[in-house]
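Have a look at the structure below before the remarks.
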Amino acid sequence: MKLTNLIGERFKETPSDCVIESHALMLRGGYMKYVANGIYSSLPPLRRITKKLEQIIREEMDALDGQEVQFPVVLPASLWQESGRYESVGSELMRLNDRNGSPLVLGMTHEEAAVHLVRDYGSTYSRYPFMFYQIQTKFRDEARPRAGLIRVREFTMKDAYSFHTSMEDLNAYYLRCHQAYERIFARAGIPEVLSVASDSGMMGGSLSHEFMLLTPAGEDSLVLCPSCGYRANREAAESIPLPCPQEEEAPLTLVETPAVHTIEELCSFLGTSARQICKAVVYQKNRDDSYVVLFLRGDLDVNETKLTNYLGEEIHPARITPDCGLHAGYIGPCGLDSSITVLYDNSLEGAVNLSCGANREAFHYTGLCMERDCPGARYHDFAKAVEGGICPSCKKHTLTLSRGIEVGNIFQLGDKYTRAMHMQYTDAEGVSHYPVMGCYGIGVGRLAASVCEARHDDCGPIWPVSIAPWQVHLCCMRSDNQEVHAAADRLYEELTKAGVEVLYDDRNVSAGILFSDADLLGLPIRLIMSPRNLKDNCVEMVLRRDKSDASKPSLDEAIPRVKAKIKELMAELSPES
């Protein structure tokens, strides 16, 4: 491919709406073009990268005895109604009607379609286990698309589905898929990806893991323990509260607190710390707008995923109206209306001498003792894990928080979908059972952007050779010199015949433009043909990841040297290396 024929433009300026480097570099480098909010067109360099990623994924899925299929993008709503997700999933599911008024959905995930595909085929135990996968376009109507390909609305995803007759068989296959994912990310050039325990969310099931690339640009918060290796998404990480200090109980005392509404204002007014506050956080259920008041220690934050899972339904921050019976800034556990759902976090169990709202405008209580004043309270884990908190595994105060990008996920779904959609098989004795499922996803575009986020410098991406759009960037300096141009043309033709993927820049432009574009395209090996090199009967070979790694093989040695270097770079990405 000659750069003069390559569709797309490269430019210096960083677009103002780019919040992470990969987004900026992939726009500046001519990899993609904005179409609409969360929707992009892929230009040839990005399409070549994603095709290579898809091939790596395909090879690893085939090695797990997977069979490739393809589901429709548009699905009848009836399939999602069978599983119950047509009603339970929110507005991120795109719902529409065809010209006949029949309800449809745009597939954002394909568990229902997977069950539909094999509901008849999987009617006998002798056909189990089996797995199939697709690499398909999906649509999820994200409320806040951001960061280029990291969070989009339309995306390409590999999703695989396995079916088993026992949890033991699913567990064994789940481990094989976990190992295959580790190989995929190593081959893609980011072996540092970690798997963390996660919340299954709308997917359901009892066990799930997310594969995370640690980076400050990540959207997800991760909880890590350097002492024992515990890892979890903060949404799923257990919060273990510190033991409450043993103190003599003070009496519950009403205190006038005019114009004191926030935790900070109350701490200042009473001369206490946030740890000694019983904080109220108020939500409403999406279903009926009824109120939910959650009490927790004042220095902790609510984990809304835990709260939603406990309630079994979606919630939203409350709108407190004058007639709702709640006084914003003065809400406490004593004397609340019985129609309100009241929950307590574990951090309050056994706590004494707390300060809290008095459910009366401009008044708080001091001396709240949970066992004495809230004798019927039941406690659950509703808080976010904190930096320096207690590790759920080793019990040491060693938890740290990091940011990460989710590049893949795997779930044990159990019989959630097969039971809901009435898929059964008969065993050897003729008894009917529901098969259990696993599902395994990787977002291809997000993975490409994540590699760029992890492998770049100030000048542009540094693509691993396994997924680089081309392997070699051939630069012809002084293409107006006929001898130099002819030598570069010959080298380009010989490299192409030798099976090397080459992007050839023979434009008559300055060296600055030549090398700036080469940096933005980020190919692993750069060859430079110039009048001086031609005079010395050589070509300069430079590695993109380390420009000090340069050599000048003779023109006769150039192709063997290039092929040997490509082989060496590929070997570095082997999961066994």
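The values are calculated or read from the model by the stated rules, or taken from the named source; none is laboratory data. It should be emphasised that the depicted structure is a prediction, and the values quoted were computed from it without experimental measurement. Neighbour counts run over all protein chains shown; Cβ positions are idealised from the backbone, glycine included. All accessible areas refer to the heavy atoms of the entire protein, side chains included, with ligands and DNA or RNA removed. Shrake-Rupley method; radii C 1.70, N 1.55, O 1.52, S 1.80 Å.
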Report the accessible area of VAL73, computed with a 1.4 Å probe over the heavy atoms of all protein chains in place, in Å² rounded to the nearest 10.
-> 50 Å²
Output the relative contact order of the range 88-155, whole-number percent, from Cα pairs under 8 angstrom with separation of 6+ residues.
-> 32 percent
At a probe radius of 1.4 Å, what is the per-residue accessible area of THR400, in Å² to the nearest 10?
-> 40 Å²
For the chain, what is the largest minus smallest coordinate of the Cα atoms on each principal axis, given in angstrom and ordered from greatest to least?
-> 95, 68, 52
For the range 353-443, what is the accessible area per residue in Å², given a 1.4 Å probe and the full set of protein chains?
-> 40 Å²
Taking each pair of different alpha-carbon atoms in the range 181-310 once, compute 1/r for the pair, average those values, and report the inverse of that mean as the Kirkwood hydrodynamic radius in Å to one decimal.
-> 18.6 Å
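Which chymotrypsin sites (Phe, Trp or Tyr not before Pro) in the range 1-53 pass both tests, a DSSP loop state and at most 14 other beta-carbon atoms within 10 Å? It would help to have the intermediate numbers written out before the result.
Numbers: sites: PHE11, TYR31, TYR34, TYR40; in loops: PHE11, TYR31.
Taking the range 1-53 and a limit of 14 other Cβ atoms within 10 Å, the loop chymotrypsin sites (Phe, Trp or Tyr not before Pro) found are PHE11.
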Can you give the alpha-carbon Rg of the range 455-566 over 2.2 N^0.38 Å, where N counts its residues?
-> 0.97
Links that overshoot a 20 Å alpha carbon limit, given the list LYS2/LYS158; LYS285/LYS306; LYS279/LYS384 | LYS2/LYS158
At a probe radius of 1.4 Å, what is the per-residue accessible area of HIS422, in Å² to the nearest 10?
-> 140 Å²
Before anything else, pin down the relative contact order of the chain: Cα pairs under 8 Å, at least 6 apart, normalised by residue count, whole percent.
-> 17 percent
Residue-normalised accessible area of the range 1-92, expressed per residue, 1.4 Å probe, Å² = 51 Å²
Cross-link partners of LYS565 among lysines (Cα-Cα below 16 Å; sequence separation of 8 or more within a chain) = LYS547, LYS552
If you take the Cα atoms of the range 511-577, find Rg, then find the Kirkwood Rh from the mean of 1/r over all pairs, what is Rg/Rh?
-> 1.01
Expressed as a whole number of Å, what is the distance separating the alpha-carbon centroids of the range 358-428 and the range 54-129?
-> 29 Å
Where the range 289-342 is the region considered: accessible area per residue in Å², 1.4 Å probe | 47 Å²
Tail beyond 20 Å, pair distance distribution of the range 410-474 (Cα, percent) | 57 percent
Got a number for carbon plus sulfur as a percent of the chain's accessible area, 1.4 Å probe?
-> 48 percent
Rounded to the nearest 500, what is the chain's calculated 222 nm mean residue ellipticity when only DSSP H runs of at least 4 contribute -39500 (n - 2.57) each, over all residues?
-> -7500 deg cm²/dmol
So what does the Cα-only Debye profile of the range 204-276 read at q = 0.17, 0.23, 0.24 Å⁻¹, as log10 I(q)/I(0), no solvent term?
-> -0.87, -1.13, -1.19
Specify whether the C-alpha gyration tensor of the range 118-183 places it in the rounded, prolate or oblate class, a ≥ b ≥ c being the square roots of the eigenvalues: rounded for a/c under 1.5, otherwise prolate if a/b is larger than b/c and oblate if not.
-> prolate
